[in-house]
Every structure is written in C-alpha cells, then in structure tokens.
Amino acid sequence: MDRTAFFDALWRRYRTLTPQADAIQAGLLGRGEVVINDHIALRSLAQTPFDLDGIERLLQTIGYSELDQYTFPEKHLDARAYRCVDDPDAPKIFVSTLRRGVLSRDCERELDVVAEGLADAPFALDTLTKGPCWSPVSYTTFEQLASESEYAGWLAAWGLQANHFTVSVNALRTLAGLEAVNDWIKSQGFALNQSGGEIKGSAAVLLAQSSTCADHVDYAFGCGTKTSIPSCFYEFAERFPDASGALFQGFVAANATHIFESTHRQQ
C-alpha cells in the first residue's frame, strides 16, 4: 500500500462514519476553496503490535519520520507526530496510544480483548484503515470503559481508523483565519467543541485549532443493542511562522488534550 492508497482508504472509512465531513467539504468547495488536509489522527493501544513503535514502523514504509513526542498523563495517553520526509506538503500524522495498567481491573480485562484482536490482525498499513479487528463489544463494556476513559470506549467501539481529518486554514482563501472558519462552520449548523474554548491555542504558541463535535451514528453492539454513539469529527488548524519565518509544523499538547474531547459522549 502506497501513501496515496493509505490516505484514500482512511478517508473512505472516515466519511462513512462522519456525515458532516462530506457536508463541510461540499460547503467549502462551493465557496471556491481547495481543501488541503493538514493532518490526520489515529488511536491505538499500548503494548500491542500496533503501539507507537509498531505504527511508526508501518508509517516509515510510506516515507514518514517522527516529528515530536507528547504525553497526556491525565488522559493516560502517549503520542507521536510524523511528517513525510520527501513531501513536505503531505498530511502530517498524529498517533496516540492508551497506556495499559492504568484503568480498573475490570476495564483492563475488557482491553485485553482489544489487545488480542490487535495481536491477531495482519501487521500492515491496511489494518490501520479498517476499524475494529475484534468482535463488537457489548454496550455494557462500552459504557464501562468510557466511564473511566472516553478514549478507551471510543477505541473499543471504532478500532483502528482516522478519528479526524483536518482542514488547513492557511490554504483557505475566502475565510481569513480560524475565527472566520468557526463562524462559517456554525452558520452551517455544526457544533464546535468548546473544551478549552472554541479556539485552542493561538499565534503565541504557533498553532490555533478548533474542531466540530463528533457525529453520532448508530452502532450495533455485540449484545444486540443498537444505539447512537460518537464517531469522528472534523478539525481546522491555522499555523503561524516561527522565528525562522517558516510555518510551525508540530503540535501543541495543551491544544491536543482538548481536541481529544471532540469524541466525548457529553459533547
């Protein structure tokens, strides 16, 4: 699988679970914009073949190298960012993993099911685009996990896939800056994640971000229950020049900790 096929597969699955993505893209294209993807984000589980080290090895096969590392102690997460070595315009990739041994014993037992599915899955880029590689969890399991870690509940339900794509605000021509983008998004009827404020970050930290609240879509749980749960969301990123005059290419942990909450059930 080459880089183009990888992103195409991620986008195909993402848009089936995120109706707002097509609507937002159509609206931007209708304004005459060319939508450029700043980055995508993946979620996974530590101490599995698809932990940070494992996913990094897969991303290296399509030309990506590590840009930076981040920790989110309160959310029990670790993360790394990657950029494409031979194509600086290619989307960046942000990968996070949930630590093991930090939730209750019951939740850790439920995460063992996820870990077994990841251990049995083909170690290939394609696996990162397909969703869960384990049987659907029960609604009780989802609720139990999400009550301790919204990230854990989301991962158990949705598995390996992009949880968001990100519009590059710098590439837009009819909307001047992130505040204007947010105003337009709200005018189209979409709710924005308010955690940490509507805009997370600023020119002072070289990166400002906002995100929609995740779509809610019907999910068929393994117990037979079918109900609507948060799926994926759309993000918007505006980058600012650093001391050298080049646009900042990294991420800001304080921003990201609030962006994670776009998939929280209470959003």
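Descriptive notes on the structure:
- Partners for LYS186 among aspartates and glutamates (Cα-Cα distance below 15 Å; same-chain residues under 8 apart left out): GLU198, ASP215, GLU235
- Candidates SER96, SER135, SER168, ranked by Gaussian network fluctuation over the chain, Cα under 10 Å, top entry: SER135
- Backbone HN-Hα couplings from phi across segment 194-208 [Karplus 6.51/-1.76/1.60, Hz, Gly and Pro as x]: 9, 4, x, x, 4, 10, 9, x, 5, 4, 4, 9, 6, 8, 10
- Highest-MSF residue in the chain out of THR212, THR18, THR71 [GNM, Cα springs under 10 Å]: THR71
- The alpha carbon gyration tensor of segment 68-123 gives principal lengths a ≥ b ≥ c with a/c of 1.5 or higher and a/b no greater than b/c, which makes the shape oblate.
- Counting only alpha carbon atoms, the long axis of helix 178-187 and the longest principal axis of the chain meet at about 70°.
- Length added when fully stretched, MET1-SER135, from 0.36 nm per residue minus Cα-Cα: 45.7 nm
- Selection from GLY27, GLY63, SER138 lying farthest towards where the dipole of segment 3-263 points positive, charges on Cβ: GLY27
- Within segment 120-267: Cβ-based charge dipole about Cα centre, in debye rounded to nearest 20 (Lys, Arg +1; Asp, Glu -1): 180
- Filter on LYS130/LYS200; LYS92/LYS130; LYS75/LYS200; LYS75/LYS130 - keep pairs with C-alpha separation over 28 Å: LYS130/LYS200
- Net charge dipole, the chain: roughly 320 debye, given to the nearest 20, about the Cα centre with Cβ charges of +1 for Lys and Arg and -1 for Asp and Glu.
Computed from the coordinates by the stated procedures, all read-outs in this text should not be read as laboratory data. Note that this is a predicted model, so its numbers are computed, not measured. Using ideal geometry, Cβ is built from the backbone for each residue, glycine included, and neighbour counts are taken over all protein chains shown.
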